[in-house]
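Read through the structure below, which is laid out as structure tokens, and then see the notes.
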Amino acid sequence: MAIGNAHGAHIVTIEGINIDGLNAVQQAFAEEGATQCGFCTPGFIMSLTGSCLSDKNPSQDDAIEAMNGNICRCTGYKSIERAAGKIVNQLKGRTNDPVQYAIDNVFVPSYFSGIPNQLAELITHSEKKFIGSHDNKTLGGGTDLYVQQHSEMLREELYFISGNKEYNGIRKEGTTCIIGGAATVTDLASSQIMNKAFHNLKDYIRLISSTPIRNMATVAGNFINASPIGDLTIFFLALDSSIVFENKDQQRQIRLRDLYKGYKQLDKMPDEILREIRFELPSASTVFNFEKVSKRTCLDIASVNSAIFLDLEEDLIRSAHLSAGGVSPIPLYLVRSSEFLTGKRITAQLVNDLLGIAQSEISPISDARGSEAYKRLLLSQLIKAHFITLFPALPAIKFLYTS
Ligand SMILES: Cc1cc2nc3c(=O)[nH]c(=O)nc-3n(C[C@H](O)[C@H](O)[C@H](O)COP(=O)(O)OP(=O)(O)OC[C@H]3O[C@@H](n4cnc5c(N)ncnc54)[C@H](O)[C@@H]3O)c2cc1C
């Protein structure tokens with residue numbers, strides 16, 4: 001993580017929560033035998049302690065969710081779940097400010113109460129310093145860049161997009177949703193506009209990385225990284241989204257599906273910044289679904305993923321957009337499949353015919369995530385899964401799924 005991305009934040013390491021004796025989270029871990037090796041335990045403790053400072057009274061699921069970026073290979077998770085349960089019980093019925101409660105109940109040391117004032121002073125004095133020049137390499141959360149180009153990034157001059165308020169936030173203009181170029185996956189997951197528009201949003205987001213990565217990773221970074229399996233890219237391709245690039249004072253808008261020209265080749269100049277993402281919000285006549293298959297359900301990259309968006313008049317498809325990842329050198333908008341669906345009535349036969357067309361549009365390769373044949377099979381199954389999920393009353397499609 002670039003230090004500039006910590007601008008405006010107070011960093012607390014495991015040593016920073018030391019008090020006399022164990023803090024409440026450490027105590028719960030010790031009592032439940034949840035301590036593991038020295039690599040994982042500090043991560044679990046810090047993630048859970050951090051979540052205790054949130055305004056929300058956590059449920060057991062929330063507490064576990066807060067630790068979902070931490071994987072332990074040494075022992076098991078049951079004792080950690082029990083420790084989380086203890087903490088959830090201790091937080092029940094909190095009435096005062098969560099930070100003060102955490103201080104009073106030995107979750108964190110007393111210096112935490114002074115952090116907001118320290119930060120306010122720091123931000124007033126240093127607002128401009130960490131943004132950098134537009135001519136530098138654009139950095140979102142760095143969750144791709146620092147993995148792929150670790151050594152080069154140590155010397156890279158950067159433009160910290162999250163430092164520029166213009167690029168933040170998710171808003172609505174009429175029926176159009178506009179997502180800022182610095183909006184993170186967590187911003188997306190917690191946006192009221194997005195949750196109202198996509199009732200299953202939380203389930204989709206659960207399949208994408210982990211809480212700490214989502215807190216940093218931007219939607220724009222997912223697009224520009226151009227991974228053929230980028231989950232958010234596949235999600236927004238099916239919404240037929242547009243993107244607005246900015247280059248100094250000039251702006252241009254293109255469809256997301258036109259961005260990808262070849263493997264990691266984009267219709268983008270090096271100094272263009274993705275300013276915003278725009279798409280039409282779902283309406284009462286539209287349906288949407290996202291599917292992802294990976295070797296592990298959570299915390300894993302996709303073998304194949306897919307999303308679909310249909311505008312319907314009863315069982316007639318007025319317009320359709322279908323996308324698929326992991327089946328081509330680029331994140332794929334399935335042009336012919338989408339056109340094929342348009343103007344047709346939904347039947348099991350239609351879905352069957354669609355599978356053939358989708359297969360003719362893809363060119364998967366065999367790699368660590370599966371053979372070409374497996375990925376072809378997966379896409380067919382995911383397309384069936386879209387229709388089974390969206391139209392559960394169609395028994396013939398269910399039959400197709402198991403055939
Ligand atoms: C542990 C881990 C798990 C992950 N799991 C998943 C997963 O499940 N699914 C998934 O899809 N991805 C996953 N990723 C990949 C990554 O988190 C996403 O691709 C993320 O959305 C990238 O966003 P970022 O802001 O971190 O990009 P960065 O690393 O900051 O940037 C990526 C690229 O985009 C460019 N860029 C960023 N923002 C802009 C902008 N506004 N304008 C122009 N260029 C820009 C950068 O210059 C760079 O070329 C994972 C990564 C890690 C480390």
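Quick look at the values:
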| read-out | value |
| --- | --- |
| GLU121 accessible area, assembled protein chains, probe 1.4 Å, Å² | 110 |
| Set of lysines with alpha-carbon distance to LYS384 below 25 Å, sequence-local pairs under 8 removed | LYS202, LYS292, LYS295, LYS344, LYS375, LYS398 |
| Solvent-accessible surface (1.4 angstrom probe) belonging to ILE301, in square angstrom, nearest 10 | 90 |
| Among ALA226, ALA320, ALA393, residue whose mean-square fluctuation peaks in a GNM of the chain (springs only between Cα atoms under 10 Å) | ALA393 |
| Cα-centre dipole for the chain with unit charges at Cβ (Lys and Arg positive, Asp and Glu negative), debye to 20 | 780 |
| ASP97 accessible area, 1.4 Å probe, all protein chains in place, Å² to nearest 10 | 80 |
| Accessible-area order (highest first, 1.4 angstrom probe) of the listed residues TYR101, TYR111, TYR263, TYR167 | TYR263, TYR111, TYR101, TYR167 |
| At q = 0.08, 0.09, 0.12 Å⁻¹, base-10 log of I(q)/I(0) for the chain (Debye sum, equal scatterers on each alpha carbon) | -0.50, -0.63, -1.07 |
| Residue-normalised accessible area of segment 167-271, given per residue in Å² at a 1.4 Å probe | 44 |
| Positive-end residue of SER294, LEU312, LEU256, charge dipole of segment 231-351 with Cβ unit charges | SER294 |
| Distance from segment 116-194 to segment 37-87 (C-alpha centre basis), Å | 27 |
| Segment 167-222: trypsin sites (Lys or Arg not before Pro) in DSSP coil with no more than 16 other Cβ atoms inside 10 Å | none |
| Pairwise centroid distance, computed over Cα atoms, of segment 291-344 with segment 1-19, Å | 40 |
| Long-range HN-HN contacts of TYR159 with modeled amide H, under 5 Å | LYS137, THR138, LEU139 |
| By accessible area with a 1.4 Å probe, ligands and nucleic acids excluded, highest first: order of CYS74, CYS177, CYS298 | CYS74, CYS298, CYS177 |
| Candidate residues VAL106, VAL147, VAL185: accessible-area rank, largest first, probe 1.4 Å | VAL147, VAL106, VAL185 |
| Carbon + sulfur, % of accessible area of the chain - ligands and nucleic acids excluded, 1.4 Å | 54 |
| Helix axis angle, 78-91 relative to the chain longest principal axis, alpha carbon, degrees | 70 |
| Efficiency of FRET from Cβ geometry, ILE11 and GLU31, R₀ 22 Å, rounded to 0.05 | 0.20 |
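The values are calculated or read from the model by the stated rules, or taken from the named source; none is laboratory data. Keep in mind that what you see is a predicted model, and the values were worked out from it rather than measured. Every residue, glycine as well, gets a Cβ built from its backbone with ideal geometry; the counts of neighbours run over all protein chains shown. Accessible surface areas use protein heavy atoms only, side chains included; no ligands, DNA or RNA. Shrake-Rupley method; radii C 1.70, N 1.55, O 1.52, S 1.80 Å.
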